[in-house]
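Chemist: I'd like to ask some things about the structure below.
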Amino acid sequence: QVQLVESGGGLVQAGGSLRLSCAASGRTFSSYAMGWFRQAPGKEREFVAAITGSGGIKYDTNPVKGRFTISRDNAKNTVYLQMNSLKPEDTAVYYCARHYSGSYYLLASYAIWGQGTQVTVSS
């Protein structure tokens, strides 16, 4: 059973940076695209970024464009989310997920999820 474990969340001031990590178990990590999602209190979980298995193609969303960067190290079975210029509206629980099928932007396209890591940005 593949497991995903996120780390790197915390409390940071607006304008600061954090790097989230997601470590995956198993031997087929490079075969799957990976994604990051986030869920703020009282809101639905939303897409943040995704990266193909080889790391050659990346996807993100307008609220984080130019500030967040997704990357992966297949030798370490780890995907990262570098978050710069953080804003209070970035406060959320961040989840990584392994893509299964379909659009990278949709929650339903991901079959395996981590437990999440809290990111809190103070103003």
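Chemist: Leaving ligands, DNA and RNA out of it, report the carbon-plus-sulfur percent of the accessible area of the range 8-103 at a 1.4 Å probe.
Modeler: On the range 8-103, the fraction of accessible area on carbon and sulfur atoms equals 46 percent.
Chemist: Here is a follow-up. Give a residue-ordered list of calculated ³J(HN,Hα) values for the range 73-85 (Karplus: 6.51 cos²θ - 1.76 cosθ + 1.60, θ = phi - 60°; whole Hz; x for Gly, Pro).
Modeler: For the range 73-85, the Karplus-derived couplings read 10, 5, 5, 9, 6, 9, 10, 10, 9, 7, 10, 10, 6 Hz, x marking Gly and Pro.
Chemist: Which cross-chain or sequence-distant (5 or more) residues have an amide H under 5 Å from the amide H of Gly10, H modelled 1.01 Å from N in plane?
Modeler: Val119, Thr120
Chemist: What is the distance, in nm, between label points placed 7 Å from the Cα along the Cα-to-Cβ direction at Ser103 and at Leu11?
Modeler: Placing both labels 7 Å along Cα→Cβ, they lie 3.8 nm apart.
Chemist: Test of understanding: in a Gaussian network model of the chain with alpha carbons linked when under 10 Å, which of Thr28, Thr91, Thr52 would top the mean-square fluctuation ranking?
Modeler: Thr28
Chemist: Further question: Filter the trypsin sites (Lys or Arg not before Pro) in the range 23-90 down to the DSSP loop ones having no more than 10 other Cβ atoms within 10 Å, then list what survives.
Modeler: Arg27, Lys43, Lys65
Chemist: Which one, Ala49, Ser103, Ser30, is farthest towards the positive end of the dipole of the chain when Lys and Arg carry +1 and Asp and Glu -1 on their Cβ?
Modeler: Of the listed residues, the answer is Ser30.
Chemist: Taking the DSSP beta bridges in the range 1-120 as the whole, what percent of them are antiparallel, to the nearest 5?
Modeler: Among the beta bridges of the range 1-120, antiparallel pairing accounts for roughly 95 percent.
Chemist: What whole-number value in Å² describes the accessible area per residue of the chain for a 1.4 Å probe?
Modeler: For the chain, the per-residue accessible area is 52 Å².
Chemist: Using label points projected 7 Å from each Cα along Cα→Cβ, tell me how many nm separate Lys87 and Gln1, to one decimal.
Modeler: The answer from the label model is 3.9 nm.
Chemist: If every alpha-carbon in the chain counts as one equal scatterer, what log10 I(q)/I(0) does Debye give at q = 0.21, 0.23 1/Å?
Modeler: Taken in order of the listed q values, log10 I(q)/I(0) reads -1.19, -1.42.
Chemist: May I ask you to evaluate 6.51 cos²θ - 1.76 cosθ + 1.60, the Karplus curve with θ = phi - 60°, for each residue of the range 100-111 and list the ³J(HN,Hα) values in order in whole Hz, giving x for glycine and proline?
Modeler: Once θ is set to phi - 60°, the couplings for the range 100-111 become 10, 6, x, 4, 5, 8, 9, 4, 5, 7, 10, 9 Hz.
Chemist: Relative contact order, percent, of the chain when contacts are C-alpha pairs under 8 Å separated by at least 6 residues?
Modeler: Value for the chain: 35 percent.
Chemist: Quick check: residue separation of Lys43 and Lys76 times 0.36 nm, minus the Cα distance between them. What number comes out in nm?
Modeler: 8.6 nm
Chemist: List the lysines whose alpha-carbon lies under 19 Å from that of Lys65, not counting same-chain residues fewer than 8 positions away?
Modeler: Leaving aside lysines fewer than 8 places away in the same chain, those within reach of Lys65 are Lys87.
Chemist: Using θ = phi - 60° and the Karplus curve 6.51 cos²θ - 1.76 cosθ + 1.60, what whole-Hz ³J(HN,Hα) does each residue of the range 39-46 get, with Gly and Pro shown as x?
Modeler: Karplus-based 3J(HN,Hα) across the range 39-46 equals 9, 8, x, x, 10, 6, 5, 10 Hz.
Chemist: I've got another one for you. Who wins for biggest fluctuation among Ile51, Ile70, Ile112 in a Gaussian network model of the chain, springs between alpha carbons below 10 Å?
Modeler: Ile112
Chemist: Please give the charge dipole size of the chain, origin at the Cα centre, charges +1 on K and R Cβ atoms and -1 on D and E Cβ atoms. Round to the nearest 20 debye.
Modeler: The dipole magnitude comes to about 200 debye.
The values are calculated or read from the model by the stated rules, or taken from the named source; none is laboratory data. None of the values given here were measured: they were computed from a predicted structure. Positions of Cβ are backbone-derived with ideal geometry, glycine not excepted, and every protein chain shown enters the neighbour counts. Just so you know, the surface numbers come from the protein's heavy atoms only, side chains and all, with ligands and any DNA or RNA stripped out. Shrake-Rupley method; radii C 1.70, N 1.55, O 1.52, S 1.80 Å.
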